[in-house]
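Notes to accompany the following structure.
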Amino acid sequence: MRLFPLAVVGALVAPSLGLAAPQPGQQAPAFQGKDYEGRTVDLAQFKGKTVVLEWTNKGCPFVGHMYSSGVMQRLQRDAARDGIVWVTVISSAPGQQGYLDSAGVRAWKAHERAEPAYVVLDPTGSLGHAYDARTTPDMVVIDRNGRVAYDGAIDNKVSTNPSDAQTAHNYVVAALEAVKAGRAPAPALTKSYGCSVKYAD
C-alpha cells in the first residue's frame, strides 16, 4: 500500500464546484467522441439509460487508490449489471500526465482490470470543458431523461489510501441508487477532489 505525505496530498488536491458546470436537474451537455477502439460514443445513443462519466488519469494517486482498492472496478461491474453505461474519459493532453493513446488504454485496462463500457479519448479537452471537469477523479451521473443527477466527488474521504476507498461513503453509489428509485440524489452536488485535469495549455 502506497501512502503519500500530507504535504504532497495537499498540493495535489484541486476542489471544484465549477460555475460553468451543468447543474443537477439541467440537461446534460451533448457530446460525441471516439473511444480507444475507434467507436463513436454519442450521449444521444444512450437515450433512456443512466450514464456515468468518470474522468481518470493513471498517474494520479487519487485515481490510483480507487483502482488499487478495487472499488472503481466494482462500481463499473455493478453498473454494467444494472444496465448503466459507464464512460471513462481521459482529457489529458498529449505530453501531459495521464495521456494515453489506444495502445496505452489497452495496457492500462489490462493492468487495472478496469471494466467501463467505453474509454473516451479527449485529448483536446472538449468533453472535459463541456462538463467543467477539473479533477481526477471527477464523477457525473446522468439520468434516463438526459439530465445531470449528480456531479462531484466519488466519495467523502479525500485520501490516497486504498483502505479509505473501502470505507468511505460513496456518492456515486448513493446517486445511482436514488436515480434507480426515481429520487433526486442527496447530495446532488459536491466538491470533487483529486489531481487537476491535465488539459492542453
Check your understanding: When the range 142-158 is examined, which residues are found to be in contact (Cβ under 8 Å) with a residue 24 or more places away in the chain and surrounded by 19 or more Cβ atoms within 10 Å (Cβ to Cβ)?
Key -> ILE142, ASP143, VAL148, ALA149, TYR150, ASP151, GLY152, ALA153, ILE154
Revision key, fill the gap. Expected output for the range 129-141 (first residue over 24 Å from ARG183 (Cβ atoms), partner in a strand (DSSP E or B) and of a type outside the set (Ser, Thr, Tyr), Cβ below 6 Å, 6+ apart or cross-chain) is ALA133/TRP55; THR136/TRP55; THR136/CYS195
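In the list ALA114, ALA184, ALA103, which residue meets the criterion of being in contact (Cβ under 8 Å) with a residue 24 or more places away in the chain and either over 23 Å from LYS49 (Cβ atoms) or under 14 Å from the mean Cα position of the chain (by Cα) (or both)?
The conditions single out ALA114.
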**Study point:** Lone unmet requirement of (1) in a helix (DSSP H, G or I); (2) of a type outside the set (Gly, Ala, Ser); (3) touching a helix residue (DSSP H, G or I) at 6+ places or on another chain (Cβ under 8 Å); (4) within 22 Å of ASP201 (Cα to Cα) for VAL173
**Key:** (4)
Exercise for review: May I ask you to verify whether GLY98 is touching a Ser or Thr at 6+ places or on another chain (Cβ under 6 Å) and part of a loop (DSSP other than H, G, I, E, B)?
Suggested key: yes
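Read the figures in this text as sums done on the coordinates, not as results from a lab. Worth saying up front: this structure is predicted, and the values here are computed from it rather than measured. Using ideal geometry, Cβ is built from the backbone for each residue, glycine included, and neighbour counts are taken over all protein chains shown.
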